[in-house]
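Heads up: the structure comes next, in structure tokens.
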Amino acid sequence: MKLGRFRLGMRTIKTAIAVMLCILLFHFLDRGQPLIAALSAVFSLRQDLTTTLSFGRSRILGNSIGGGTAIFYFLTKQYFHHDFLIELLVLPALVMFIIVLSDGINNNSGIISGIATMLLITLSVPQGESIIFALDRVLDTFIGTLIALMINFVIRPPEIEKEEEIIEDLAVLKQKEADLQAMLHDVQGAISEQEKDKQ
């Protein structure tokens with residue numbers, strides 16, 4: 001549905017449903033705040049099941065890396081009696097670690113989710129909480145991702161919306177191709193100028 005420049009598509013509706021399901025599930029399970037699960041669902045939900053599965057796999061791997069580093073941070077902070085220097089120095093080091101590791105295993109699309117998971121967990125665990133609290137937050141990320149997968153399995157986008165998304169994707173690709181052509185032209189011009197200067 002379009003209203004001028006504003007569009008209410010199926011993905012928008014599914015994202016809202018995913019957040020609602022996270023809130024409902026956490027309420028009925030008395031699991032606490034659904035913040036991390038809801039954010040995971042929003043990050044993971046894509047226009048169709050195939051894309052969501054592909055991104056969901058990357059997201060789950062990113063969540064695992066982020067969750068593992070968050071638990072490492074949690075244990076390190078406990079060992080050093082919650083010293084502020086640990087937060088100041090170890091968190092940025094873990095951000096670099098997630099980027100390098102994710103790039104090394106070719107999970108570049110999971111970098112942001114890994115960092116977001118690690119930061120959400122590490123910065124939301126109250127001082128004095130047990131490691132169970134941190135593990136629960138890791139589980140929350142998986143719950144949100146699974147809800148996104150389930151929604152895209154149940155609610156399929158209409159064919160018209162799929163066509164519109166393909167047209168939008170093609171327009172973006174054409175713009176990127178034009179930008180690359182312009183950059184190539186500039187580089188070729190610079191090389192020609194250098195060759196002229198040498199002569």
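The values are calculated or read from the model by the stated rules, or taken from the named source; none is laboratory data. These numbers come from a predicted model, not from an experiment. For accessibility, only protein heavy atoms count, side chains too; no ligands or nucleic acids. Shrake-Rupley method; radii C 1.70, N 1.55, O 1.52, S 1.80 Å.
Numerical summary
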item: Computed accessible area, His81, all protein chains, 1.4 angstrom probe, square angstrom; result: 150
item: Exposure rank, largest accessible area first [Leu3, Leu75; 1.4 Å]; result: Leu3, Leu75
item: Calculated [θ] (222 nm, deg cm²/dmol) that DSSP helices of n ≥ 4 give over the chain, each run adding -39,500 (n - 2.57); result: -28000 deg cm²/dmol
item: Measure of compaction for the stretch 1-117 (Cα Rg per 2.2 N^0.38 Å); result: 1.29
item: Relative contact order of the chain, pairs being alpha-carbon contacts under 8 Å that are 6 or more residues apart, as %; result: 31
item: Lysine pair number, Cα distance threshold 23 Å (strictly under), the chain, separation 8 or more or different chains; result: 5
item: Highest-MSF residue in the chain out of Gly68, Gly32, Gly189 [GNM, Cα springs under 10 Å]; result: Gly189
item: Heavy-atom accessible area per residue - the chain, 1.4 Å, Å²; result: 64
item: Fully extended contour minus Cα-Cα distance, from Val187 to Ile105, at 0.36 nm per residue; result: 26.4 nm
item: Largest-first principal axis extents, alpha carbons of the chain, Å; result: 70, 50, 30
item: Accessible area of Phe97 in the full protein assembly, 1.4 Å probe (Å², nearest 10); result: 100
item: Accessible area (Å², 1.4 Å probe, nearest 10) - Leu149; result: 30
item: Carbon + sulfur, % of accessible area of the stretch 1-153 - ligands and nucleic acids excluded, 1.4 Å; result: 71
item: Where only C-alpha atoms are counted, convex hull volume of the stretch 77-134 per residue in Å³; result: 86
